[in-house]
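Before any comments, here is the structure.
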Amino acid sequence: MVASEPEDDVQKNSPPPMENNDDNAPSKRFYRQQVWTTMKALFPQGSASSNYVNRKIPLFPAAEQTAERLAETPEFKQATNIKVNIDMAQEAVKLQVLKANKTLFVAPSQKSDYLYAKIKLPSSVEEVPLVQQRRIVKMLAGEDTYEELGIDQTEPLDMVVVGCVAVSERGQRIGKGNGYVDLEIAILVQLGVITPKTVIATTVADEQVFSELQADLFQPYDFTVDLIVTPTRVIRVEPRPEPRAIGVPVGPAVVPPAGRGARAEEAEGAPGVGGQAHRAEGRGHGRGELPEAAHARQRKRRRPAAGPAPPVEPAPPVDAQQCGGRGRQERQRAGRW
């Protein structure tokens, strides 16, 4: 069941009709390409904004309007701690969090060992120019404007806002394909930062929303969203998916689950779990993935048998008379003949 607020004659996306053929079966990549092509057409050709569409969480023209609509929802108003992803499409959401005097959490700085960062304004938001706010939410305004938190400093989140390439009204989410957000959500669930009460929301264009996506496209580590906000609609997925991330229970459980699904996602470019373990156990196909026993057999086949070196035969004597008084080099060469 999906609860939706006003829909202004928005044309719904639905999975395209496909023949029953494995080669034509829709995939996550199929939906990504469809959305990227559609979204790129929304911007003037060659515009700077079009650079934030292809192979990314798409920036869309009404991103600021959508962020304002999210800020008007009861879920946003009731939240105190809100984490927002790093994509350009959600930058306006970060500014709305500051505007509402809520605590904003973002991803840690590059190459950081911390879990996430808490944004700290130098003064009240009304006194900070908008240009400076944009630098602050990107962690470009100095170390005194944020505090990075490790696993021993976690604070529970009331709302997490993520980006999507495609999303269904059932809460199924398709990202860029690298799997980092799925892994991040799983870690935050495991640490208790995301609780059963945390609302996972997304802001997208109407063109990114599908009525449903094939269930067999998703793996146990793919999480779902609770709240979908577009320029024209607010969609609440009801009942809320439990557990918070599919296959990743809340509490002291191992995350994310390893197995064939994780291997398949890793093959598609995601940091799946299980791939390194399989290679370490020697079940791969390349030479570098063979077990040590196989390496030993190969080395034994290539290694010559041990034993004394063969004797070196002396060069035949050189007849000076035959050399006809030639120089030293020619006599040596004659000796080699």
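If each of Asn54 and Asn101 carries a label point 7 Å out from its Cα toward its Cβ, how far apart are those two points in nm?
4.6 nm
Rank Leu115, Gln90, Tyr146 by how far each Cα sits towards the positive end of the charge dipole of the stretch 90-160 (+1 on Lys, Arg Cβ; -1 on Asp, Glu Cβ) and give me just the farthest.
Checked the options; the winner is Gln90.
Could you check the spin-label model distance between Glu64 and Asn178? Points 7 Å from the Cα along Cα→Cβ, value in nm.
Placing both labels 7 Å beyond Cα along the Cβ direction yields 2.8 nm.
Taking other Cβ within 10 Å of each residue's Cβ, how do Met159, Met88, Met39, Met139 sort, fewest first?
Result, fewest neighbours first: Met88, Met139, Met39, Met159.
Could you give the nm distance between label points at Ser112 and Thr154, where each point is 7 Å from its Cα heading toward the beta carbon?
1.7 nm
Please report Glu64, Glu148, Glu127 as a ranked list, fewest other C-beta atoms within 10 angstrom at the top and most at the bottom.
Least to most surrounded, the residues fall as Glu127, Glu64, Glu148.
Determine, from the Cβ-Cβ distance of Leu191 and Ser124 and an R0 of 35 Å, the FRET efficiency 1/(1 + (r/R0)^6), rounded to the nearest 0.05.
The value I calculate is 0.65.
Given a cut-off of 28 Å, name the pairs among Lys40/Lys77; Lys83/Lys111; Lys40/Lys138; Lys28/Lys83; Lys40/Lys197; Lys28/Lys99 whose C-alpha atoms lie farther apart than that in the structure shown.
Long pairs (Cα-Cα over 28 Å): Lys40/Lys77; Lys40/Lys197; Lys28/Lys99.
Read-outs throughout are calculated quantities, based only on the coordinates presented, and are distinct from any laboratory measurement. These numbers come from a predicted model, not from an experiment. Cβ: placed from backbone, ideal geometry, glycine included. Neighbour counts: every protein chain shown.
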